[in-house]
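To start, the structure under review is shown below, and the notes come after it.
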Amino acid sequence: MSERTRVDTPDQLPPESQPRWRRDFPIDRPEDDLVARRDFGAFLVLTSLAFVVGQAWIGVKSLLRRRLPAPGSERVARADELAAGDALAFSYQGEDALLLRLGDGELVAYSSKCTHLACAVVPELDQGRLLCPCHHGYFDAASGRPIAGPPNRPLPRILLEERDGWVWAVGRRVST
């Protein structure tokens, strides 16, 4: 078969014997797998919309978490269990936390996850700070505010109460 008589239709019939619809819509089968610009544009728009909805959902959950009161309180430790400069790891509402007795005797508690990349912070109370060993970020032990390194948000504070010789975690405060 020469190049001139070669037929490139799916059923290998000459063009004049093809059905009318095939003459009106001549689609070359090998090119049928290509994506049209309009289809690609629709895909991009739908994918972008999905990302926007996902980000909005994350934002709404974050706002609700800050606004809603903590459901209940949990007993952490005996009030006399920690001496000045000591720290105690505990869990509050399913998240790891640290209870600290500062040098002046004040009790404070924070989430033990760094606000930069959620690495566990390590107390260095003799220097009045908490260390994030992943990227050498430091937080002030008294306020939870970042003092050095990549973290730019303070640690979430856990609100405490002392009742009948026990320390209770009663809520959470996220500072911005």
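Among all positions in segment 154-174, there is at least one residue which is part of a loop (DSSP other than H, G, I, E, B), under 16 Å from Arg75 (Cα atoms), of a type outside the set (Ser, Thr, Tyr) and open to solvent by less than 40 Å² (accessible area, probe 1.4 Å).
Looking across segment 91-128 at every residue that is over 24 Å from the mean Cα position of the chain (by Cα) and open to solvent by 60 Å² or more (accessible area, probe 1.4 Å), the one that is nearest to Gly171 (Cα to Cα) is identified as Glu106.
Of the residues making up segment 39-52, those that are open to solvent by 90 Å² or more (accessible area, probe 1.4 Å) and at pLDDT 90 or above are Phe43, Val45, Leu46, Leu49, Phe51, Val52.
Within segment 91-105, the only residue that satisfies the criterion of being modelled with pLDDT of 90 or more and in a loop (DSSP other than H, G, I, E, B) is Leu102. I'd like the residue in segment 57-85 that is surrounded by 11 or more Cβ atoms within 10 Å (Cβ to Cβ) and over 18 Å from Val170 (Cα atoms) and, out of all such residues, is modelled with the lowest pLDDT. Top of the filtered list is Ser62. Can we say Leu88 is at pLDDT 90 or above, surrounded by 14 or more Cβ atoms within 10 Å (Cβ to Cβ), part of a strand (DSSP E or B) and touching a helix residue (DSSP H, G or I) at 6+ places or on another chain (Cβ under 9 Å)? In short, no.
Scanning segment 129-153 for residues that are among the basic types (Lys, Arg) and part of a loop (DSSP other than H, G, I, E, B), we see that the one that is farthest from the chain's Cα centre (by Cα) is Arg145.
The values are calculated or read from the model by the stated rules, or taken from the named source; none is laboratory data. These figures come from a predicted structure and were not determined experimentally. Cβ coordinates were reconstructed from backbone atoms using ideal geometry, including for glycine residues, and neighbour counts include every protein chain displayed. Just so you know, the surface numbers come from the protein's heavy atoms only, side chains and all, with ligands and any DNA or RNA stripped out. Shrake-Rupley method; radii C 1.70, N 1.55, O 1.52, S 1.80 Å.
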